[in-house]
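S.K.: The structure's right below; bear with me while I get my questions together.
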Amino acid sequence: MDDLDRIYEIEKLAYPFPWTRGIIEDCLRVGYACFGLQIGKNLVGYTIFNWAAAEAHLLNLCIHPDWQQRGFGSLLLEYAINQMARLENKTIFLEVRVSNPEAAALYKKRGFRVVGHRLSYYQAGDEREDAIVMRLDL
Ligand SMILES: CC(C)(COP(=O)(O)OP(=O)(O)OC[C@H]1O[C@@H](n2cnc3c(N)ncnc32)[C@H](O)[C@@H]1OP(=O)(O)O)[C@@H](O)C(=O)NCCC(=O)NCCS
């Protein structure tokens, strides 16, 4: 199994509405930053960012359900923030589903603050769901 297969496997396990394999593949193909967290030979988490004009965007942060709530999400986020700072970004934005307070808590704990909402931003089965927009100044 290559990294893309493993990322897609984790994605499907961790999210109620996962990205398609094609979306993940496109992110990698166009050169977005993808950082993986490996324990031994086992990829257990990943995060994907894009960036332009000193502004980075966290597109995905995901830890395999078997490895959640052990500090790995925070560890991976911290690593990625440092990489985005090294690339001379000044700000990181992200969206998080209103139904995902666990992830919002992780971001708040790291210093992200809520700067807005995007109405009906996400697909949620047959319905739509709002996004909370968060920002971190580097
Ligand atoms: C969100 C996610 C990345 C967090 O990763 P994690 O490794 O479990 O998080 P950590 O162990 O580093 O926890 C850091 C903080 O996040 C918050 N948090 C994480 N999981 C939580 C939970 N189940 N309930 C409440 N708070 C939680 C807490 O504030 C926690 O700090 P604390 O341990 O001091 O209370 C992980 O749950 C995940 O992959 N979820 C599915 C995918 C997802 O929703 N990604 C976010 C998309 S925007």
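The values are calculated or read from the model by the stated rules, or taken from the named source; none is laboratory data. In this text, all values refer to a predicted model and were calculated from it rather than measured experimentally. Neighbour counts are summed over all protein chains in view; Cβ atoms, including those assigned to glycine, are modelled from backbone coordinates with ideal geometry. Accessible surface areas use protein heavy atoms only, side chains included; no ligands, DNA or RNA. Shrake-Rupley method; radii C 1.70, N 1.55, O 1.52, S 1.80 Å.
S.K.: Quick one: which residue in GLN38, GLN69, GLN123 is within 11 Å of the ligand (Cβ to nearest atom), over 15 Å from the mean Cα position of the chain (by Cα) and either open to solvent by 60 Å² or more (accessible area, probe 1.4 Å) or farther than 25 Å from ASP2 by Cα (or both)?
M.R.: On the way: GLN38 fails: within 11 Å of the ligand (Cβ to nearest atom); GLN123 fails: within 11 Å of the ligand (Cβ to nearest atom).
Only one candidate qualifies: GLN69.
Yes or no, residue by residue, for (1) aliphatic (A, V, I, L, M); (2) buried (at least 17 other Cβ atoms within 10 Å of the Cβ); (3) in contact with a helix residue (DSSP H, G or I) (Cβ under 7 Å, 6 or more places away or on another chain):
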residue	(1), (2), (3)
GLN83	no, no, no
LEU87	yes, no, no
ALA105	yes, no, no
ALA131	yes, yes, no
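S.K.: If you take the residues of the stretch 95-120 that are within 11 Å of the ligand (Cβ to nearest atom) and of a type in the set (D, E, K, R), which of them is nearest to ASN82 (Cα to Cα)?
M.R.: Looking at the filtered set, the residue picked out is ARG110.
S.K.: Okay, moving on. Considering only residues that are more than 15 Å from LEU61 (Cβ to Cβ), open to solvent by less than 100 Å² (accessible area, probe 1.4 Å) and either touching a Leu at 6+ places or on another chain (Cβ under 7 Å) or outside any loop (DSSP other than H, G, I, E, B) (or both), which ones fall in the stretch 89-100? Lay out the reasoning, then the answer.
M.R.: So the first thing to find is which residues in the stretch 89-100 are more than 15 Å from LEU61 (Cβ to Cβ), and the list is 89-91, 98-99.
Next, only the ones that are open to solvent by less than 100 Å² (accessible area, probe 1.4 Å) stay: 89, 91, 98-99.
Matches in the stretch 89-100: ASN89, THR91.
S.K.: Here is a further query. Residue check: is LEU77 surrounded by 13 or more Cβ atoms within 10 Å (Cβ to Cβ), near the ligand (Cβ under 8 Å from one of its atoms) and farther than 15 Å from ILE132 by Cβ?
M.R.: So LEU77 fits the description; yes.
S.K.: Also, I was wondering about something else. Only one of these conditions is not met by ALA33: (1) open to solvent by 70 Å² or more (accessible area, probe 1.4 Å); (2) over 17 Å from ARG135 (Cα atoms); (3) more than 13 Å from the ligand (Cβ to nearest atom). Which number is it?
M.R.: (1)
S.K.: Taking the options CYS62, CYS27, name whichever one is under 19 Å from ALA131 (Cβ atoms), touching a helix residue (DSSP H, G or I) at 6+ places or on another chain (Cβ under 6 Å) and modelled with pLDDT of 95 or more.
M.R.: Numbers: CYS27 fails: touching a helix residue (DSSP H, G or I) at 6+ places or on another chain (Cβ under 6 Å).
Selected residue: CYS62, the only one of CYS62, CYS27 that is under 19 Å from ALA131 (Cβ atoms), touching a helix residue (DSSP H, G or I) at 6+ places or on another chain (Cβ under 6 Å) and modelled with pLDDT of 95 or more.
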